[in-house]
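The values are calculated or read from the model by the stated rules, or taken from the named source; none is laboratory data. Owing to the predicted nature of the structure, the values given are computational and were not obtained by experimental measurement. Here the Cβ positions follow ideal geometry from the backbone for every residue, glycine too, while neighbour counts run over all protein chains shown.
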Amino acid sequence: MDYQTQLKDLLVAAARQSASDLHLAVGKRPTLRIDGALIPLQKEAITTPEVAEGLVSALLTPEQKERFVKERQFDFAYNLEDKVRFRANVYYQRGYVAAALRVIPARIRTVEELGLPPILHDFAKLSQGFVLVVGPAGHGKSTSLAAVLDEVNHTRADHIVTVEDPIEYLFTQDKAIISQREVGNDTATFNDALRTVLRQDPDVIMIGEMRDASSIATAMTAAETGHLVFSTLHTNSASQTIDRIIDSFPPEQQGQVVSQLAATLVAIVSQRLLPRTSGGRMPAAEIMLVNPAIRNLIRERKIYQIDLVIETSLQEGMITLNRALALLVKNKEISLENAELYSLNPAELRILLERL
């Protein structure tokens with residue numbers, strides 16, 4: 001069987017049908033995720049162990065195959081004839097080979113095109129500080145960050161350094177110099193890249209994902225020394241993000257971390273992608289901007305009070321996730337059922353809707 005051609009057909013189908021992901025798993029037909037829903041490709045046969053191995057093998061170079069067999073899982077980027085780019089993860093499950101491929105759009109969309117809050121434009125104007133985009137996997141964190149970074153690229157003569165595993169969006173340099181470093185190709189390890197990033201004369205640093213205390217510490221130190229740092233984290237809200245960062249460190253280091261965080265953090269955007277009533281998906285975002293009140297709450301470790309400050313600081317540009325969801329429901333952009341599904345406090349959401 002010509003696995004290379006079969007793989008190409010599947011990847012083309014994913015791109016043409018505006019899927020966000022393609023899944024290959026033994027015992028199931030190749031499946032696309034479209035607008036958040038998993039849709040099997042009915043014209044395709046159920047994937048056998050042999051076919052799964054053949055398709056995954058067609059994705060990998062000999063060196064990547066060797067690493068995959070050794071590590072039993074592997075992240076990498078895959079280009080389909082330089083037309084469509086995919087972020088791929090190949091792995092084993094119950095002894096069988098499987099793969100998940102995320103479609104990365106060739107063109108980086110703007111803040112407006114993505115339907116994101118206009119305040120994100122302000123982040124592209126910052127000269128220093130620490131900005132985080134958080135949320136569950138697959139909810140557009142990398143896409144939102146790419147929009148802000150590309151705005152920096154088109155408006156400022158800065159040096160932008162990214163550390164990614166793997167590189168997702170490919171930037172076309174405009175006013176900025178952009179150095180995109182991929183773990184495995186351009187640097188041996190994630191932490192190696194972070195250790196040397198400050199020697200590369202960056203103005204703006206983008207860390208694809210903060211994975212551990214070491215990467216968080218590097219990000220905060222870079223922000224503390226006058227750089228603008230962007231990163232992502234898999235958390236559900238601004239307050240949970242701050243707790244997660246502090247709890248990543250041993251108790252004896254947490255006091256220093258709290259001080260650094262209070263001094264460097266500028267904003268946290270917590271976003272979800274919801275099915276739009278007219279088709280497609282759209283973002284709902286909680287925006288926390290670090291004002292003196294929030295800075296004091298971080299220093300005093302009263303993180304549980306941050307949600308209240310966000311709710312009462314609407315005039316400063318802040319908004320809770322529930323209020324963002326409620327406004328989308330009121331404008332008939334999303335359904336109440338989906339809003340409640342993604343809300344962290346559905347009862348409060350219903351009360352807000354009654355008041356709007």
Handout entry: Single match in I268, I306 (criterion: at pLDDT 95 or above, in the same structural domain as D203 (by TED's automatic domain parsing) and within 23 Å of L149 (Cα to Cα))
Key = I268
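If I filter segment 1-25 down to residues being of a type in the set (A, V, I, L, M, F, W, C) and in contact with a Gly (Cβ under 9 Å, 6 or more places away or on another chain), which single residue comes out as surrounded by the most Cβ atoms within 10 Å (Cβ to Cβ)?
Of the residues in segment 1-25, the ones of a type in the set (A, V, I, L, M, F, W, C) are 1, 7, 10-15, 19, 22, 24-25.
When the remaining residues are screened for being in contact with a Gly (Cβ under 9 Å, 6 or more places away or on another chain), the result is 1, 7.
Values: M1: 9, L7: 23.
The qualifying residue surrounded by the most Cβ atoms within 10 Å (Cβ to Cβ) is L7.
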Practice task
Could you tell me which residue of segment 320-355 is farthest from the chain's Cα centre (by Cα), considering only residues that are more than 19 Å from R276 (Cβ to Cβ) and among the hydrophobic types (A, V, I, L, M, F, W, C)?
Solution key: I351
Exercise for the section: Report the residue count in segment 156-188 for those that are assigned to a loop (DSSP other than H, G, I, E, B), more than 18 Å from R85 (Cα to Cα) and among the hydrophobic types (A, V, I, L, M, F, W, C). Expected result: 3
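Can you pull out the residues in segment 313-356 that are of a type in the set (S, T, N, Q), in a helix (DSSP H, G or I) and in contact with a strand residue (DSSP E or B) (Cβ under 7 Å, 6 or more places away or on another chain)? Reasoning before the result, please.
As a first pass, look at segment 313-356 and keep what is of a type in the set (S, T, N, Q): 313, 315, 320, 322, 331, 335, 338, 343, 345.
With the extra rule that they be in a helix (DSSP H, G or I), the set shrinks to 315, 322, 338.
Selection gives N338 alone.
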Problem - Of all residues in segment 314-337 being of a type in the set (A, V, I, L, M, F, W, C) and over 26 Å from A293 (Cα atoms), the one that is surrounded by the fewest Cβ atoms within 10 Å (Cβ to Cβ) - result: L336
Exercise for the section: Name the single residue, out of those in segment 148-196 being in contact with a helix residue (DSSP H, G or I) (Cβ under 9 Å, 6 or more places away or on another chain), small (G, A, S) and within 27 Å of F74 (Cα to Cα), that is modelled with the lowest pLDDT. Expected result: G184
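If I ask for residues that are part of a helix (DSSP H, G or I) and buried (at least 23 other Cβ atoms within 10 Å of the Cβ), which ones from segment 133-145 would you list?
Start the filter on segment 133-145 by keeping residues that are part of a helix (DSSP H, G or I), which leaves 141-145.
Correct list: K141, S144, L145.
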Exercise for the section: Please identify the pairs in which a residue from segment 12-38 that is without any contact (Cβ under 8 Å) to a residue 12 or more places away in the chain has its Cβ atom under 7 Å from the Cβ atom of a residue that is aliphatic (A, V, I, L, M) and in a loop (DSSP other than H, G, I, E, B), counting only partners at least 6 apart or on another chain. Expected result: T31/L41
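Might you let me know whether segment 224-231 holds any residue that is aliphatic (A, V, I, L, M), in a helix (DSSP H, G or I) and over 21 Å from A324 (Cβ atoms)? Don't jump to the end; show me each part of the working.
Of the residues in segment 224-231, the ones aliphatic (A, V, I, L, M) are 228-229.
Now restrict to residues that are in a helix (DSSP H, G or I): none.
The answer is no; no qualifying residue exists.
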Fill in the blank from the handout: Of the candidates E311, E348, E340, E286, the one satisfying the condition of being in contact with a Pro (Cβ under 9 Å, 6 or more places away or on another chain), free of Cβ contacts under 8 Å to residues at least 60 places away in the same chain, surrounded by 15 or more Cβ atoms within 10 Å (Cβ to Cβ) and at negative phi is E340
Problem - S248 being of a type in the set (G, A, S) and farther than 26 Å from P117 by Cα - result: yes
Completion exercise
Condition set crowded, with 18+ Cβ neighbours inside 10 Å and not charged (D, E, K, R), scope segment 197-208, selection modelled with the lowest pLDDT: answer is G208
Practice task
Evaluate segment 97-119: report whether one residue or more is touching a strand residue (DSSP E or B) at 6+ places or on another chain (Cβ under 8 Å), assigned to a loop (DSSP other than H, G, I, E, B), in contact (Cβ under 8 Å) with a residue 40 or more places away in the chain and surrounded by 22 or more Cβ atoms within 10 Å (Cβ to Cβ).
Solution key: yes
Practice task
Tell me, please, whether a residue that is out of contact with any helix residue (DSSP H, G or I) (no Cβ under 9 Å at 6 or more places or on another chain), surrounded by 12 or more Cβ atoms within 10 Å (Cβ to Cβ) and modelled with pLDDT under 95 can be found in segment 50-59.
Solution key: no
